[in-house]
1. Place the peptides A:366-379, A:207-220, A:231-244, A:45-58 in order of packing, highest mean first, counting for every residue the other Cβ atoms within 10 Å and averaging per peptide.
2. Once a ≥ b ≥ c are taken as the square roots of the eigenvalues of the Cα gyration tensor of region A:97-187, is the result rounded (a/c under 1.5), prolate (a/b larger than b/c) or oblate (a/b not larger than b/c)?
3. In this model, which of A:Lys66/A:Lys355; A:Lys66/B:Lys21; A:Lys203/B:Lys63; A:Lys42/A:Lys539; A:Lys3/A:Lys42 are farther than 20 Å apart at the alpha-carbon?
4. With the Cα gyration tensor of region A:356-431 giving a ≥ b ≥ c as the square roots of its eigenvalues, does the rule (a/c under 1.5 for rounded; else a/b larger than b/c for prolate; else oblate) give rounded, prolate or oblate?
5. Tell me, what ³J(HN,Hα) does each residue in region A:386-392 have, in order and in whole Hz, if you take phi through Karplus 6.51 cos²θ - 1.76 cosθ + 1.60 with θ = phi - 60° and put x for Gly and Pro?
6. How many angstrom lie between the C-alpha centres of region A:322-356 and region A:389-439?
7. What distance in nm lies between label points placed 7 Å from Cα along the C-beta direction at A:Leu120 and A:Lys539?
8. Check cross-link reach from A:Lys73 to the aspartates and glutamates: straight Cα distance under 20 Å, and skip same-chain residues fewer than eight apart.
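Rule-based calculations on the coordinates, nothing more; no lab input. What you are looking at is a predicted structure, and each value in this text was computed from that prediction instead of being measured. Using ideal geometry, Cβ is built from the backbone for each residue, glycine included, and neighbour counts are taken over all protein chains shown.
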Amino acid sequence: MKKIVLMGNPNVGKSVVFSRLTGAQVIASNYPGTTVDFSKGKMRLDGDLVEIVDAPGTYSLESSNKAEEVAVKMLGKADLIVNVIDATNLERNLFLTLELLESKKPVVVALNMWDETKHLGINIDVEKLEQFLKVPVMPMVALTGEGVNELVGRFNSACAPEGMKTKSEEERWVEIGHIIKKVQHVTHRHHTIWDMIADATIKPATGMPIAIITILISFWIVRNIGENLIGYVFEPLFDLYTPFAMSMSNWLGHGFLHDLFIGKLIDGEIEYVESMGLLTTGLFVPFGMVLPYIIAFYLMLAVLEDSGYLPRLATLMDTLFHKLGMHGHGIVPVFLGLGCNVPGALSIRTMETRKQRFISATLMAISVPCMAQIAMIFGILGPHDLVYVLMVFVTLMMIYVLVGLTLNRYVMGESPEIFLEIPPYRMPSAITILKKTWMRIRWFLTEAIPFLFLGVLIVNVLYAIGFLEWLGVLFAPITEGWLGLPKEATAALLVGFLRKDLAIGMLLPLGMTAMQLVIAATILTIYFPCVATFAVLLKELGVRDMIKSMVIMIVTALSVGGAMNFILIGA
Amino acid sequence: MILVETAITDIETGKAATIIKLSGGYTFQRRLRTMGVREGKIIRVITKHPLNGPLVVEVENRKTTIGRRMAQRIMVEV
Ligand SMILES: Nc1nc2c(ncn2[C@@H]2O[C@H](COP(=O)(O)OP(=O)(O)OP(=O)(O)O)[C@@H](O)[C@H]2O)c(=O)[nH]1
Ligand SMILES: [Mg+2]
């Protein structure tokens, strides 16, 4: 099958073009480095099926990080290259274009962001640009779909430009200078009040308070949306479901099947968190407790991503992150990781060196709880007092900084400085945000829920054969002696490999004090990533670094747990 | 008018200057150029972050965050 690869600088709209061409949804956001792996899709071209590939963005064919490496590798396999360029940034985009033209492959240029050229006073003579490049150039607006059909119409006629010699870098820049002079005209534009407000968000004196307020408001919004969805939508739904579940319970009678599907009845009633049945806890944890927060978080994340605020936040955080052995872009794995650690672990590819990737992956695995876990922490600690929830988060933040400072000292390797393009602010569109949130919720429903069911199943089987009790006794010196937790909590640590949300739910029937719950929830975050995250980290870091990372996780969990037990409970 | 050659890090916040020379490794220079920081361009300092933090500069209406030591390799003329 013919392979068409989308190539271009970061943040020029390749992923939006990909979605337009294939109808397949991929994540697009307003910051460079959104796509870190290729995605494949299909489209029909004159009756034939062709494959379309969305690649990560790259500034040139000599890659400077793992994501860019992927892009360069995809180029080798292409039968046709669609070079997406940002019309508001023509000059610097043309460097990659010239490199691509020299690759002797057929190229079509998609001149994207055409809508933004007008108010910026940029005028591009497309015909002349075509003459210079000797390949089709099509102005388009991927966001609205304008120009997409015309672009596709040029795919079949595209051929490799003739007489392209390999040039030195300097020669390329000279040629670009020449082209720009002939095809682009820019009317000078004065700085407006909006530019001043935009600048205020990146200057330290004003930017820092704005950042703190933005983050606090964002999390307050997530909590409110989450709580209200639970209170007004999901709990009422489960109230309707309870009679049905009860009649199931009666019908199943006693025995293993009842325990598996309904679980234990407490005072003759179903307790959704504690019962541990597939049709009770197995449904209630994902839908009644986690999903509402997932919805809320991803709505908020999409606004932060699409507005273009994240690169500004990265700039403001750079000085701190540099001390932790990374640079400001390290906030991206943190933010994505707060939703789910899997995309967080993938996003470390945009870091340049092994040291930076190792540190940001390890820190994320140790102290960034995913939203499923956060929802459960709210669920079990919220009723005691919000102070306890805060204690978990403050501890995790302190660990992030302390472990980061230490790793920066002892991990060998370079830690280059930040070098990040700041995209213009863009108004996030409601439809795009809803679509993107839906895409991520669907991912949660299809990928996370099977693991959750598996978790409930395994708990029941292991409990029935007495394995969990045996394990509890085996680890009692650590759980009881060192961490000050009941020995049954070991079972939660085991289940945490599969799903951390379920693991936290398992703490509830153990009758722990609020302080013990704080310790257990913190340790459940630190000690190990869930299996889905583990698989990605293993692939990204390699076996040796993954083992090192695991040692750090376990040592941190044990020392922090012991210290918390000593300080909070005074054992 | 007297022309003075300095690093962009010495330019006052809010002021603009013309880039005349880039130093540092070959790969580093290419990265600068592909991100718009190139000889002959006018560059404006939007802000300098304290504690040797990064600079935010603007070239042709586009902002870029550059680490302090990297920025020291961008020579400009005022
Ligand atoms: N105004 C405007 N915005 C666009 C257009 N195309 C894409 N965008 C926006 O530009 C941003 C970047 O789009 P992406 O598709 O994520 O860019 P990308 O090239 O895939 O970026 P990387 O994956 O980081 O390399 C998003 O916020 C899009 O909504 C367009 O034609 N006009
Ligand atoms: Mg993309």
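1. On the way: A:366-379: 25.4, A:207-220: 14.1, A:231-244: 12.4, A:45-58: 18.9.
My ranking of the peptides, most packed first, is A:366-379, A:45-58, A:207-220, A:231-244.
2. Details: a/c = 2.36, a/b = 1.18, b/c = 2.00.
Oblate.
3. Values: A:Lys66/A:Lys355 13 Å; A:Lys66/B:Lys21 29 Å; A:Lys203/B:Lys63 12 Å; A:Lys42/A:Lys539 27 Å; A:Lys3/A:Lys42 9 Å.
In this structure, A:Lys66/B:Lys21; A:Lys42/A:Lys539 exceed 20 Å between Cα atoms.
4. Numbers: a/c = 2.86, a/b = 1.21, b/c = 2.37.
Judged from the Cα gyration tensor, region A:356-431 comes out oblate (a/c at least 1.5, b/c at or above a/b).
5. So the Karplus estimates, Gly and Pro as x, are 5, 4, 5, 4, 4, 4, 4 Hz.
6. 6
7. Those two pseudo-labels are separated by 3.5 nm.
8. Within the straight-line limit of under 20 Å, A:Lys73 reaches these aspartates and glutamates: A:Asp37, A:Glu51, A:Asp54, A:Glu62, A:Glu99, A:Glu102, A:Glu352, A:Glu540.
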